[in-house]
Amino acid sequence: MSIMDYLLKEKKMTEIIAKRTVEKISKYDDIRKEFEYWICNKSYNAENPLDVGGYTAQDIYKLAPFMDGLGVFNFMVTLRDDPEKAKEYIDGGFKRK
């Protein structure tokens, strides 16, 4: 299943929102591939996990179990784009409003 199919069928996103989401997740090829692995396996890559800023997707999930795979991988993009901001979220315990 492609990322677009997953977003449209399982997440019930509109096509416009799904396209924007695919663009964000696909910004980095390695993060996109890890997300595709998660979509296919419904688990995080334990054999050769991607490390972004010292964190794997599994690490992020353990710190924020309320996040689904999409949330985890969106956060991985944030971790790469703005590591200081991302680490503030981590240090703050991913406080939600």
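The values are calculated or read from the model by the stated rules, or taken from the named source; none is laboratory data. The shown structure was predicted, so the numbers you read here are calculated from the model rather than taken from an experiment. Here the Cβ is made from the backbone with ideal geometry for all residues, glycine too, and neighbour counts use every protein chain on show. Quick note on the areas: whole protein, heavy atoms, side chains included, nothing else; ligands and nucleic acids left out. Shrake-Rupley method; radii C 1.70, N 1.55, O 1.52, S 1.80 Å.
Residues in region 48-70 that are of a type outside the set (Ser, Thr, Tyr), closer than 16 Å to Asp30 by Cα and out of contact with any Phe, Trp or Tyr (no Cβ under 6 Å at 6 or more places or on another chain) were compared, and the one that is surrounded by the fewest Cβ atoms within 10 Å (Cβ to Cβ) is Asn48. Take the conditions (1) closer than 12 Å to Val77 by Cβ; (2) modelled with pLDDT under 95; Asn45 misses just one of them, which is (1). Of all the residues in region 76-89, those that are open to solvent by 20 Å² or more (accessible area, probe 1.4 Å) and part of a helix (DSSP H, G or I) number 9.
Yes/no matrix, rows are residues, columns are (1) of a type outside the set (S, T, N, Q); (2) at pLDDT 95 or above:
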site	(1), (2)
Asp51	yes, yes
Gln58	no, yes
Tyr61	yes, yes
Val72	yes, yes
Met76	yes, yes
Leu79	yes, yes
Glu88	yes, no
Gly93	yes, no
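A single entry from Phe94, Phe35, Phe73 fulfils the requirement of being surrounded by 12 or more Cβ atoms within 10 Å (Cβ to Cβ) and part of a loop (DSSP other than H, G, I, E, B): Phe94.
So which residues in region 12-32 are of a type in the set (A, V, I, L, M), in a helix (DSSP H, G or I) and surrounded by 10 or more Cβ atoms within 10 Å (Cβ to Cβ)? Correct list: Ile17, Ala18, Val22, Ile25, Ile31. Output the number of the condition that Asn45 fails; it satisfies all remaining conditions of (1) surrounded by fewer than 17 Cβ atoms within 10 Å (Cβ to Cβ); (2) in a helix (DSSP H, G or I). With (1) surrounded by fewer than 17 Cβ atoms within 10 Å (Cβ to Cβ); (2) in a helix (DSSP H, G or I) applied to Asn45, the lone miss is (2).
Looking across region 68-80, the residues that are more than 15 Å from Tyr37 (Cα to Cα) and either of a type in the set (Lys, Arg) or touching a residue at least 24 places away in the same chain (Cβ under 8 Å) (or both) come down to Val77, Leu79, Arg80.
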